[in-house]
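The next block holds one structure in the form of structure tokens; read it before the comments.
Every read-out reported here was derived from the displayed coordinates using simple, explicitly stated rules and does not represent laboratory data. Note that this is a predicted model, so its numbers are computed, not measured. Every residue, glycine as well, gets a Cβ built from its backbone with ideal geometry; the counts of neighbours run over all protein chains shown.
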Amino acid sequence: MALEVKRKEKESSQSLVHRFTKVVRQSGVLLQVRSKQFKKRVKSALAKKRSALRRVELRAEKKRQDKLEKPKAGRVNSWR
């Protein structure tokens, strides 16, 4: 996947570099390279189960805390 940008007649080096960076951006080469560089490891089945259980426990704890806390001053349940 070689990208080629040739210099046009009477083209400044600055515009050549600009054209080159535009071609690189549009080709998506940088996105592919970055995704390979920072590739995430796949979680094992056990790790997925543990994180799911942790989320369930945290949601339950948050729900319990919300029920126990005092109502806030700005949250008056008035429908008039």
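Tabulated values for the structure
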read-out: Expected 222 nm ellipticity per residue - DSSP helices of 4 or more, -39500 (n - 2.57), all of the chain, to 500; value: -20000 deg cm²/dmol
read-out: In nm, spacing of pseudo-spin labels at R54 and V5 (7 Å Cα→C-beta vector); value: 4.4
read-out: Global size of the chain as Cα Rg and Dmax, reported in angstrom; value: 27.7, 76
read-out: Derived scalar couplings ³J(HN,Hα) [the range 55-72; Karplus, 6.51 cos²θ - 1.76 cosθ + 1.60; whole Hz; x for Gly, Pro]; value: 4, 4, 5, 5, 5, 5, 5, 5, 4, 5, 5, 4, 5, 7, 6, 6, x, 7
read-out: Footprinting exposure proxy for F20, F38 (fewest neighbouring C-beta atoms within 10 Å first); value: F38, F20
read-out: Extended-chain gain in nm, criterion 0.36 nm per residue less alpha-carbon gap, R25 and A45; value: 3.5 nm
read-out: Nearest-0.05 FRET efficiency for Q65 and V33, computed from C-beta distance (R0 41 Å); value: 0.35
read-out: Proximal lysines to K72, defined as alpha-carbon separation beneath 23 angstrom and excluding residues fewer than eight positions away on the same chain; value: K62, K63
